[in-house]
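Participant: Structure below; questions to follow.
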Amino acid sequence: MESLLTDIDHVAIAVHDLDAAVAWYAEIMGAKVVHREDVVSDGVREALIRVGDSYIQLLTPTRADSTVAAFLERRGEGLHHVGFRVANCSAALDAVRASGARVIDEVPRPGSRATTIAFVHPTTSFGTLIELVEESVSTSSTHQ
Ligand code: CO
């Protein structure tokens, strides 16, 4: 079987203070934010830092009922999920579900940067929340 995963799209880190985390990456690593976005449906604000062809996605909740707020409460700051790039999110989601992985999103939905995404539940992936990320044609061609 050919791998469904074509690249690491992003590593998402949950933080309490987004500005402090952005400043830390700038001051300690010299790494700059290339994109900021509020994902209203998920109740999160993100800042993306480019690392090669991938990103670090710093995430902070924008409301108390956000799943990231619950994560910070339960686990504290740290690694929240890994986003893997896939060629076709819908096909990848069907394939992993058919193979027995528990999924969170039954159908793909819009993510940040005009991506199409779906989450795979950590209970069947060794404790790691996985996001399947299909980039839009414009973002994958320019890697913005
Ligand atoms: Co993500």
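Quick note: the coordinates plus some simple rules give every number you see, no bench work behind them. From a predicted model like this one, the values you see are computed outputs, not experimental measurements. So basically every Cβ, Gly included, is an ideal-geometry build from the backbone, and we count neighbours across all protein chains shown.
Participant: Tell me, what does the Kirkwood hydrodynamic radius of the chain come to in angstroms if you use every pair of distinct C-alpha atoms?
Facilitator: 15.6 Å
Participant: Which value, in debye to the nearest 20, describes the size of the charge dipole of the chain about its Cα centre when Lys and Arg Cβ atoms bear +1, Asp and Glu Cβ atoms bear -1, and nothing else is charged?
Facilitator: 100 debye
Participant: Please list, in chain and number order, the residues 5+ apart from H121 or on another chain whose amide H is under 5 Å from its amide H, with Hs placed from the backbone.
Facilitator: Residues meeting the criterion, in which the H sits 1.01 Å from N, are R102, V103, I104.
Participant: Grab the other residues whose beta carbon is less than 14 angstrom from that of A21, score K and R as +1, D and E as -1, and report the net.
Facilitator: -2
Participant: Ordered by residue, what ³J(HN,Hα) values in Hz, to whole numbers, does region 72-89 give under the Karplus form 6.51 cos²θ - 1.76 cosθ + 1.60, where θ = phi - 60° and Gly and Pro are x?
Facilitator: Per residue, the Karplus-derived 3J(HN,Hα) values read 4, 5, 7, 10, x, 5, x, 4, 9, 7, 10, x, 9, 6, 10, 6, 9, 5 Hz.
Participant: Hey, another quick one. Divide, for region 66-144, the radius of gyration over alpha carbons by 2.2 N^0.38 Å, where N is the residue count.
Facilitator: Relative to the rule-of-thumb radius for its length, region 66-144 sits at 1.15.
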